[in-house]
Structure formats: structure tokens, C-alpha cells
1. When the residues of segment 156-166 are filtered to those that are assigned to a helix (DSSP H, G or I) and among the hydrophobic types (A, V, I, L, M, F, W, C), which remaining residue is surrounded by the fewest Cβ atoms within 10 Å (Cβ to Cβ)?
2. Read through the list (1) part of a helix (DSSP H, G or I); (2) free of Cβ contacts under 8 Å to residues at least 40 places away in the same chain; (3) surrounded by fewer than 21 Cβ atoms within 10 Å (Cβ to Cβ), then give the number of the only condition that Arg240 fails.
3. Can you name the condition, by its number, that Arg208 falls short on among (1) assigned by TED's automatic domain parsing to the domain that holds Tyr312; (2) modelled with pLDDT of 95 or more?
4. Residues in segment 75-106 that are among the small types (Gly, Ala, Ser) and in a loop (DSSP other than H, G, I, E, B): how many?
5. Only residues in segment 220-234 that are hydroxyl-bearing (Ser, Thr, Tyr) and in a helix (DSSP H, G or I) count as the first member; pair them with residues that are surrounded by 24 or more Cβ atoms within 10 Å (Cβ to Cβ) and at pLDDT below 95, Cβ under 8 angstrom, at least 6 apart or cross-chain, and list the lot.
6. Within segment 127-155, can you find the residues that are surrounded by 17 or more Cβ atoms within 10 Å (Cβ to Cβ) and among the hydrophobic types (A, V, I, L, M, F, W, C)?
7. Take the conditions of a type in the set (Val, Ile, Thr), more than 16 Å from Ser180 (Cβ to Cβ) and in contact with a Phe, Trp or Tyr (Cβ under 9 Å, 6 or more places away or on another chain) and apply them to Val121. Does it pass?
8. Which of the residues spanning segment 241-253 are of a type outside the set (Ser, Thr, Tyr) and closer than 26 Å to Ile129 by Cβ?
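The values are calculated or read from the model by the stated rules, or taken from the named source; none is laboratory data. Predicted, not measured: the structure shown is a model, and the values here were computed from it. Cβ sites come from the backbone with ideal geometry, for glycine too, and all protein chains shown count toward neighbours.
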Amino acid sequence: MGCAVDGSRCTIWAIYDQDVRWLGWIVVFVLVAVAGAGWLAVTPYGPSSETFVEIAPGTNTEGIGDALRKAGVIRSGVLFAALKKYRGGTLKAGEYRFDHPAPMTEVYARLRKGDVYTKTVVIPEGYDIFQVAKAVGDAGLLSEKEFLAAELQHPELVKRWNPMAASVEGYLFPDTYKFSRKATAVDMIAAMVKRFGQMAAKLGVEPRDAPRVVTMASLVEREVHIPSERAAVAGVFENRLALGMPLQTDPAVAYASELRGTWTGVIHQSELHSDSTYNTYTHAGLPPGPICNPGVAALQAAMHPLKSDYLYFVADARGNTTFARTLAEHTQNVAAYRAAGGK
């Protein structure tokens with residue numbers, strides 16, 4: 001055929017034909033490799049039980065992939081690095097929790113989003129340090145006892161706001177917090193105090209005024225539960241202070257019992273005569289510090305008390321507050337409250 005006329009041309013075509021075959025095999029190999037990599041990336045893999053992986057700050061892609069592979073979360077660190085080049089983005093440091101097989105693409109997306117493992121602690125307005133400690137304990141972060149000890153032992157964490165503070169009471173701002181499993185009590189307290197600082201700045205609370213504002217706000221927070229009435233209650237307290245009258249606020253008496261470890265949930269007559277400086281029946285003026293951690297509305301009420309001539313108030317079973325100018329009027333309001341089923 002053609003080869004009989006020109007042998008060199010036959011050789012060229014033979015070589016070309018061989019190269020095409022090799023190129024074809026290479027293309028097939030690449031396609032198979034890509035398909036295989038794609039299959040590995042989207043096929044679920046990983047632990048069926050709880051597994052934690054800690055990614056330290058500054059870890060490079062290879063290090064992250066290796067840590068995930070060693071923990072059994074992904075099949076291949078090399079493939080993970082390739083996925084990083086394809087997807088781009090920044091992978092966030094932190095502790096991650098894996099508890100079910102998942103595609104590598106899902107694992108990558110979680111690290112890119114920074115979906116680190118945390119535990120949630122909810123601190124409602126008006127919680128005191130005892131209740132905050134219980135909330136931390138219930139969240140499974142630290143024991144209630146350990147956290148309470150830190151609240152009492154680290155008043156230096158609030159020295160910017162109250163250099164004379166005996167604890168961190170009043171400055172653990174009510175909010176929803178997320179903490180890692182490795183967060184210490186000091187870490188958590190510092191985060192709550194930082195949040196207080198942010199809100200205090202927003203509300204215009206000056207550090208020099210914070211001890212009085214926070215203490216007043218804590219009394220208001222515990223005495224009334226209807227936001228619209230808080231400024232009026234703060235106004236009553238200010239009126240009594242101006243006249244040198246004792247505040248006679250039950251929540252402060254209860255707090256004194258909490259500090260002594262004798263609180264039973266009910267105020268007894270003996271507690272109304274205790275010598276605690278938090279007993280606002282036997283000591284005039286504000287108590288020496290906050291009795292709980294107030295929220296925004298209570299802080300605002302303490303900063304802007306309603307001007308009135310009221311000196312007394314009593315709340316009914318539904319939380320509505322009735323105010324009085326005279327003791328006789330207040331006595332009638334209390335009698336009416338008790339007749340309606342109050343205590």
C-alpha cells in the first residue's frame with residue numbers, strides 16, 4: 001500500500017498512531033482520576049461516633065488535611081488540599097465536632113464557615129452569680145461550684161467598673177454566649193464582662209458611675225418585671241434615698257441570705273433583722289454592691305429614674321405595680337394585694 005512507495009511516511013504514521021493511542025489512554029486516566037476524586041469528595045465518610053478535631057491557629061492546608069485524615073474524618077489529605085485549591089477561601093481554626101459520615105465537601109464547607117464546636121449558655125436578665133454558675137454547670141462546661149468560686153475570687157476582672165468590687169456580681173451581662181469546651185471560668189467571665197462594657201458604652205455609663213448605676217439597676221431588675229414600670233420604681237428608690245429612708249427591698253434581703261448560704265426561697269422575720277450590709281431594712285442607702293446582673297431596661301431606668309413624689313410600691317400577682325405617696329396609702333394597697341390572694 002502507501003508504505004511500499006514511501007517507507008518513511010509509514011513510519012511517521014505508525015509513530016503518530018502510537019502517540020494518539022498513548023494520549024487517549026492519558027485522557028482516559030485523567031478522566032477516571034477526576035471522576036474518582038469527585039466520587040471520593042462527595043461520598044460520605046467519617047466517624048459514626050463523636051470525634052473532636054482541634055485546628056490550631058496558623059495550621060496550613062496540608063496540616064489541616066492530615067489532622068482530619070488521622071482522626072478518620074476524611075479519606076485523603078491530598079484530596080482535601082486539592083479541594084482547597086479548587087474551592088478557595090480561608091479555613092478557620094478551632095475545635096470541630098464530627099459525629100456522622102459526611103462528604104469531604106461538607107467537611108470543607110464547615111471549616112471554611114468556621115462552624116466550630118461550642119456550648120451555649122443563656123443568662124437571662126436578673127440572674128445573680130449563683131444562677132449564672134448553675135447555668136454554666138447545666139451547659140456542661142464547668143461545675144457550678146467551680147464557676148461560682150471563680151466569680152467570687154476574681155473581682156479584678158471588673159476593676160475598671162468597680163475597683164472595690166467583692167465579686168463580679170452585676171457585670172456579667174445577660175445574653176446568649178457560646179464557649180468552647182476548653183474555655184476556663186476566667187475566659188467565660190471575661191467574655192460576659194466584655195459584653196457589659198460594650199453595652200455600658202452604648203448606654204453612656206461612665207466607669208466612675210457604674211457602681212451606683214449597676215447596684216440601683218440590680219434592685220430595679222429584681223423588684224419589677226414590667227419594663228414600663230422600671231423607671232418609676234427607680235424613682236421611688238431615689239426619693240427614699242434623698243430622704244434618708246431605708247429602701248426596704250426584699251430581693252436585697254434574699255441576696256444576703258444567698259451569700260450566707262441560708263436562702264430557702266422564703267424570707268423569714270429573722271432575715272429582716274440580720275446585720276448584713278445587704279439588708280436594706282436595717283441599713284440605709286444602697287447595698288454595698290449589685291444583687292444580680294441587670295439588663296438594658298433596668299440600667300436605663302437606673303440612669304433615668306422617673307421623677308415623682310411616690311415613696312412606696314407593691315406588685316400584685318400579675319406583676320403590675322401600685323405606687324403610693326404615703327404609708328397609709330401603701331398599707332391599703334398591701335391589704336388589697338393580700339385580699340386578692342397575694343402573700
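1. Going through segment 156-166, the residues assigned to a helix (DSSP H, G or I) turn out to be 156-158.
Going one step further and asking which of them are among the hydrophobic types (A, V, I, L, M, F, W, C), we end up with 157-158.
Details: Leu157: 21, Val158: 25.
By that ranking, first place goes to Leu157.
2. Unmet condition: (2).
3. (1)
4. Restricting attention to segment 75-106, the residues satisfying the condition of being among the small types (Gly, Ala, Ser) are 76-77, 81-82, 88-89, 93-94, 102.
Those left that are additionally in a loop (DSSP other than H, G, I, E, B): 76, 88-89, 93.
Of the residues in segment 75-106, 4 are among the small types (Gly, Ala, Ser) and in a loop (DSSP other than H, G, I, E, B).
5. As it stands, the answer is none, since no pair meets every condition given.
6. Within segment 127-155, Ile129, Phe130, Val132, Ala133, Ala135, Val136, Ala139, Leu141, Leu142, Phe147, Leu148, Ala150 qualify.
7. Details: of a type in the set (Val, Ile, Thr): yes; more than 16 Å from Ser180 (Cβ to Cβ): no; in contact with a Phe, Trp or Tyr (Cβ under 9 Å, 6 or more places away or on another chain): yes.
Spelling it out, it is not the case that Val121 is of a type in the set (Val, Ile, Thr), more than 16 Å from Ser180 (Cβ to Cβ) and in contact with a Phe, Trp or Tyr (Cβ under 9 Å, 6 or more places away or on another chain).
8. Selection gives Leu241, Pro246, Leu247, Gln248, Asp250, Pro251, Ala252, Val253.
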